[in-house]
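Every read-out reported here was derived from the displayed coordinates using simple, explicitly stated rules and does not represent laboratory data. Quick caveat, the model's predicted, so the values are computed rather than measured. Here the Cβ positions follow ideal geometry from the backbone for every residue, glycine too, while neighbour counts run over all protein chains shown.
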Amino acid sequence: MTKQGLKIATIGGGSSYTPELIEGFIKRYEELPVRELWLVDIPEGKEKLEIVGALAKRMVKKAGLPIQIFLTMDRRQALRDADFVTTQFRVGLLEARAKDERIPLKYGVLGQETNGPGGLFKGLRTIPVILDICSEMEQMCPNAWLINFTNPAGMVTEAVLRYSSIKKVVGLCNVPIGMEMGVSKLLDVDHSRVSISFAGLNHMVYGLDVFVDGISVKEKLIEMITGADSSPSVQNIVALGWEPQFLKALNVLPCPYHQYYYKTRDMVEKEIKNAETVGTRAEVVKELEAQLFELYRDPELMIKPPQLEKRGGAYYSDAAVRLISSIYNDKRDIQPVNTVNNGAISSLPADSAVEISAVITKDGPKPIAVGDLPIAVRGLVQQIKSFERVAAEAAVTGDYQTALLAMTINPLVASDRIGKQILDEMLIAHRNDLPQFYPSSLR
Ligand code: G6P
């Protein structure tokens, strides 16, 4: 890494989330001197890239910083000598997400983009692309760090660790930072005073303990978060509230995505109702995106508009930029990340990706050992890890039976027969984005 200034390449640069990232780089410029930011997208995303890229340039200009922004469709050029590569792309765009959400619902199974069948298919579409990016990084920027935001972030990190030569990879999600912010709001204390010991997997992470100024507040918090209004959530998940006795027995802090596992029937009913009324989340996001891009077009706009907060990725920039800064500055602070387990959670394979609090050094995250997961959550986490591994294998091999296995061992799919029906329908619906499952003659 050159101390004169950093080169960052952001793949999926035309995303509506990009102003978040820019805001983060601007805020931390003093400690993270970014000189070049390359926003890359595919030809289908050219218009969005140009709109959001122009806004990014205006934001940097207003801040008076010497960050140069480049817009390109040439990924290799963007990657050349980059110090950090961030990824935030969506293969098949929101249309594919809408299919991930709608098709399983027809069978009474959760339709969601990172859990259940939707998570499987998002992984099948995304993993081959991320592995291509990894190969290009080996050639163009072998010393760079890959900071992956692309969902399903845990499965994608698992695939990179298992099927690429890239070792400098960190998967990132805004759920843990969102949980910290939720706790600080509930207890009315500054975020800097809250710390949560995270352990588990992406969108399957638990707060094993929660501290304010070093004193555990877990029990108090568990009493407080049972109501629908008080349980910390994200914009894309409706909080239904928790059964107080259950939470006490669980005795750890669940993440918003755990509702899909502990309240499956309620959540499926809710999703079906939403799909019939306001539309699935992809359909809602499509409208939100159209409104956001209308705002982004305005040449007078020079900041991240507050409307972006209606998206689920709140605090995304904070999470991304504080991580990059801690690696660059060897800060050795503690942050929740997706990284190789290395024995930190003894209930999970040492070579698998886990989401865990880790000390962030210039050599990457060093996970803080927690030993075994509590028995109350251990089995579910292990099951999801098996699902992620089998799904990653299916994504790489394009093997039908492996995909069926992944589908059926997912705890949200309660029948092999229905699992196969969903798999078959989704394989057809996504055929253009799943070349590994189709010889070119059939595409
Ligand atoms: C959450 C998740 C992210 C996800 C996002 C979706 O915060 O942690 O992984 O990408 O929500 O938000 P959206 O606005 O696209 O539904």
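I'd like to compare 313-325, 240-252: which one has the highest average count of other Cβ atoms within 10 Å, and what's the full order after that?
Going by the mean number of other Cβ atoms within 10 Å, highest first, we get 313-325, 240-252.
Using the crude model of +1 on Lys and Arg Cβ and -1 on Asp and Glu Cβ, and no other charge, please compute the dipole size for the chain relative to its Cα centre, in debye to 20.
420 debye
Measure up Lys57/Lys122; Lys248/Lys385; Lys220/Lys263; Lys7/Lys331; Lys48/Lys122; Lys7/Lys185 against 27 Å on the Cα-Cα distance and list the ones that go over.
Lys57/Lys122; Lys7/Lys185, as the Cα separations exceed 27 Å there.
Taking a spot 7 Å from the Cα of Gln383 along the direction of its beta carbon, which residues of region 336-354 have an amide N less than 17 Å from it?
348
Calculate how large, on average over all directions, the projected area of the Cα convex hull of the chain is; give the answer in nm² to one decimal.
So the mean shadow area of the Cα hull is 19.8 nm².
Which order do the peptides 401-414, 11-24, 335-348 take when ranked by the mean count of other beta-carbon atoms within 10 Å per residue, highest first?
Descending packing order for the listed peptides: 11-24, 335-348, 401-414.
Assuming 0.36 nm per residue, please report the length gained on full extension of the stretch Asp213 to Ile272 beyond their Cα-Cα distance.
Residue separation times 0.36 nm, minus the Cα-Cα distance, leaves 17.0 nm.
Using bins 10 angstrom wide from zero, how does P(r) for region 386-435 break down, in % of all Cα pairs?
Values per bin, smallest distances first: 28, 58, 14.
Just want the answer: with Cβ charges of +1 for Lys and Arg and -1 for Asp and Glu, which residue in Leu39, Leu348, Gln307 is farthest toward the dipole's positive end in the chain?
Farthest towards the positive pole: Leu39.
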